[in-house]
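Contents: one structure, followed by commentary.
A short reminder: the numbers here are calculations on the coordinates, not readings from a lab. Note that the structure is predicted; figures quoted are calculated from it, not measured. Heads up, the Cβs are rebuilt from the backbone with ideal geometry, glycines too, and the neighbour counts pull from every protein chain shown.
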Amino acid sequence: MAEAVGTLRRELAGGAEPVRTREQAAAAVRLAGEAYRKGLGFSGDVVVAQVRTIGTDLLLATGLPQSTVDKAIRRAVGRVPDRRSSGQAA
């Protein structure tokens, strides 16, 4: 995600459409989703939620509309287990 922030700065400074930033932010969110599915415990789950939030903010900063960002984040995270149904904290 840090790489995406630096890329956004460079793309915006250069007047470029922040396509690479979007790719990097989605990749970071995708990796966080993969980690979540493997099981991280409460603290790890909190970090995953923070990565999703930062990814959302970063995609919004690239000029995408909220509805597009929401769909992109859901796609990047993929299917995650509902731990509440298994007795674990979500």
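Structure data summary
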read-out: Efficiency of FRET between ARG37 and ALA61 - r from beta-carbon atoms, R0 30 angstrom, step 0.05; value: 0.65
read-out: Rounded tilt (10° steps) of 2-13 against the dominant C-alpha axis of the chain; value: 20 degrees
read-out: Electrostatic dipole magnitude of the chain [Cβ: Lys, Arg +1; Asp, Glu -1; Cα centre; debye, to 20]; value: 280 debye
read-out: Radius 12 Å from Cβ of VAL51, net charge of other residues (Lys, Arg +1; Asp, Glu -1); value: -1
read-out: Burial order of peptide ranges 57-65, 18-26, 39-47 (average beta-carbon count within 10 Å, highest first); value: 18-26, 57-65, 39-47
read-out: q = 0.16, 0.22 Å⁻¹, the chain: log10 I(q)/I(0) [Debye, one scatterer per Cα]; value: -0.63, -1.01
read-out: Inter-label distance for ARG10 and GLN50, nm, one decimal - labels placed 7 Å from Cα along Cα-to-Cβ; value: 2.6 nm
